[in-house]
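First comes the structure, then the notes that go with it.
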Amino acid sequence: MTAPTQLTHKQVLTVLSGLLLGMFLAALDQTIVSTAMRTIADDLEGQTAQAWVTTSYLIASTITTPLYGKLSDIYGRKPFYLFAISIFIVGSVLCGTAQDIYQLAAYRAIQGLGAGGLMSLAFAIVGDLVSPRERGRYQAYFMSVFATSSVLGPVLGGALAGQSSIFGIDGWRWIFYVNVPIGAAALLVVSRNLHLPTRRSEHRIDYVGAALLTSAVVPLLLVAEKGRDWGWGSGLTLGLLALSLASLALFVPWEGRMGDEAILPMRMFRSSVFSLTNVVSLLVGAGMFGGLVVVPLYLQIVKGSSPTEAGLQLIPLMVGIIITSGLSGKLMSRTGRYKAFPIIGTALMIASMLLFSTLDADSPIWTAMVYMVVMGAGLGLSMQTLVISVQNAMPPRDMGVATSSVTFFRSMGGTFGAAVALATLFGSVAGNIADRARAARVPDEAFGGFNLDDTSTIAGIPQAARDAVLGGFVDSMTTVFLVMGLLLVPAFVLTLFIKEIPLRASGGIAAAHEDADAEAAMQTARTEGAVL
């Protein structure tokens with residue numbers, strides 16, 4: 001079926017509704033499970049192995065992101081987007097039936113196989129249908145979904161996990177089952193309303209490149225997630241890092257040899273916009289997730305909020321994202337300019353980290369919430385603009401790879417940012433608590449009931465010891481926020497050097513037709529010239 005090259009606003013919104021539902025599945029799943037994980041692990045008697053539930057999902061979603069991008073460039077977006085939703089639904093149903101923690105980890109990996117395509121392909125499809133100049137107007141909806149899920153996830157996860165059973169089924173299992181009706185609705189809307197040109201070109205699939213990319217990324221993700229438990233200098237950690245580096249050393253020349261057939265064509269890195277934007281995405285992802293993983297801990301450990309309360313207290317973050325993503329999208333549509341937004345956005349993110357670093361145990365909640373608005377404003381200005389700048393700079397035929405690369409690098413950065421944040425936090429907190437205790441002359445026996453692995457024990461120790469513990473956590477969190485702020489400084493500097501290319505007035509499909517027509521005209525002119 002031949003798709004129209006330009007859609008009306010109403011038609012775009014109809015397609016967008018399905019894409020938003022698909023993205024909501026992936027975004028919500030990242031936050032809803034984390035709140036309920038303690039309850040799930042207790043029920044499945046796997047508290048010590050619960051990290052694998054997160055790690056398996058993360059690995060599967062990260063390594064499949066560039067594969068979805070490349071394959072959709074070759075064979076078309078729609079079938080892969082429908083496949084991603086379907087496999088995510090299947091994984092969700094299986095997760096709800098898990099009988100032990102390792103089975104749940106395996107089923108979460110199946111979910112991750114679908115999640116890898118949900119976000120990146122949604123942005124790529126919007127790129128196909130809508131011109132870069134108008135894209136910010138629509139991608140603001142995606143940022144709103146991301147912001148809403150970041151707040152709704154902890155609230156919904158806590159509420160469902162808090163129920164012993166719903167309709168005779170364990171409450172936590174509904175965390176996965178709620179994905180089924182949302183996914184079914186997304187499948188219906190996308191299958192009925194998304195009409196893109198059918199693509200089928202003669203290409204080889206870069207299986208070797210995919211394997212090398214997997215063996216380079218998976219060990220790094222494992223080390224990021226488990227290195228603190230294994231020991232950063234352990235043989236296992238060093239061996240995995242060596243495997244990753246060796247695979248990367250083989251991956252780069254292989255991709256150069258494969259040319260346009262490569263999973264990640266090396267020619268794309270000759271574009272300064274592509275290279276710089278992906279580095280910025282990596283750093284922004286690190287700073288964003290590194291900060292976001294600590295803010296809820298501050299609310300719950302230091303301020304004593306429940307997971308549900310902490311989720312509601314994150315609403316100002318959502319407000320900041322929605323306001324600035326919507327505003328920047330309208331300004332891009334009106335002016336065609338976008339370079340200032342990631343510059344201002346990364347500056348605001350640095351400012352938010354510095355502000356968070358000033359919080360202490362006595363700071364009122366409203367102070368942290370004001371700082372969240374600043375952070376949300378920075379994210380709203382940065383994330384969507386980075387995607388649009390890459391999509392606008394690369395040829396329409398590379399829309400999938402270009403879009404998935406930004407998602408891939410941001411995901412990688414987020415993994416390492418969260419790992420650095422948690423390693424810094426828990427690697428220093430014991431020493432900071434001891435320093436606080438010595439300064440306040442709190443005897444060791446006052447900490448008799450305290451266990452760092454179970455922060456609920458803080459409430460059961462004497463007030464003087466409790467003050468030392470909370471002060472120690474604040475000191476460590478201050479260090480984390482300062483480290484995340486430093487990570488974002490080079491991101492800010494690099495945004496100054498991203499070349500601003502005038503935003504195209506046509507979407508990816510229309511631009512591809514224009515390029516094809518121009519090439520045909522040039523070929524005709526060359527033929528006629530040769531005849532004359």
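The values are calculated or read from the model by the stated rules, or taken from the named source; none is laboratory data. This one's a predicted model, so the numbers in the text were calculated from it and none came from an experiment. Every residue, glycine among them, receives a Cβ derived from its backbone with ideal geometry; neighbour counts consider all protein chains shown.
A few remarks follow.
- Test result for R192, among the basic types (K, R), in a helix (DSSP H, G or I) and over 18 Å from Q11 (Cβ atoms): no
- From the list D398, D362, the one residue that fits, being among the charged types (D, E, K, R) and in contact (Cβ under 8 Å) with a residue 60 or more places away in the chain, is D398.
- When residues in the range 93-108 are screened for being farther than 13 Å from V53 by Cβ and either within 19 Å of the chain's Cα centre (by Cα) or not in a helix (DSSP H, G or I) (or both), 2 of them pass.
- Residue in the range 451-458 that is in a strand (DSSP E or B), acidic (D, E), over 30 Å from D73 (Cα atoms) and in the same structural domain as D362 (by TED's automatic domain parsing) present: yes
- Considering V217, V151, the condition of being surrounded by 15 or more Cβ atoms within 10 Å (Cβ to Cβ), out of contact with any Cys (no Cβ under 6 Å at 6 or more places or on another chain) and over 23 Å from M399 (Cβ atoms) is satisfied by V151 alone.
- S405 being among the small types (G, A, S), on the phi < 0 side of the Ramachandran plot, surrounded by 22 or more Cβ atoms within 10 Å (Cβ to Cβ) and touching a Pro at 6+ places or on another chain (Cβ under 8 Å): yes
- Residue match in the range 263-285 (condition: buried (at least 21 other Cβ atoms within 10 Å of the Cβ), touching a residue at least 12 places away in the same chain (Cβ under 8 Å), of a type in the set (G, A, S) and in the same structural domain as M349 (by TED's automatic domain parsing)): yes
- Within the range 155-189, tally of residues that are among the small types (G, A, S), in a helix (DSSP H, G or I) and over 22 Å from the mean Cα position of the chain (by Cα): 5
- One residue from L240, L236 being farther than 30 Å from V93 by Cα, crowded, with 17+ Cβ neighbours inside 10 Å and without any contact (Cβ under 8 Å) to a residue 24 or more places away in the chain: L240
- Among the conditions (1) at pLDDT 90 or above; (2) touching a strand residue (DSSP E or B) at 6+ places or on another chain (Cβ under 8 Å), the only one that T457 does not satisfy is (1).
- Taking (1) in a loop (DSSP other than H, G, I, E, B); (2) touching a residue at least 12 places away in the same chain (Cβ under 8 Å); (3) touching a strand residue (DSSP E or B) at 6+ places or on another chain (Cβ under 9 Å) in turn, I205 satisfies each apart from (3).
- Residue match in the range 437-444 (condition: at pLDDT below 85 and more than 20 Å from V294 (Cβ to Cβ)): yes
- Selection of the range 290-310 for residues being at pLDDT 85 or above and either under 16 Å from F409 (Cα atoms) or among the polar types (S, T, N, Q) (or both) yields only G290.
- The single condition from (1) closer than 30 Å to S244 by Cβ; (2) loosely packed, with under 15 Cβ neighbours inside 10 Å that F416 fails is (2).
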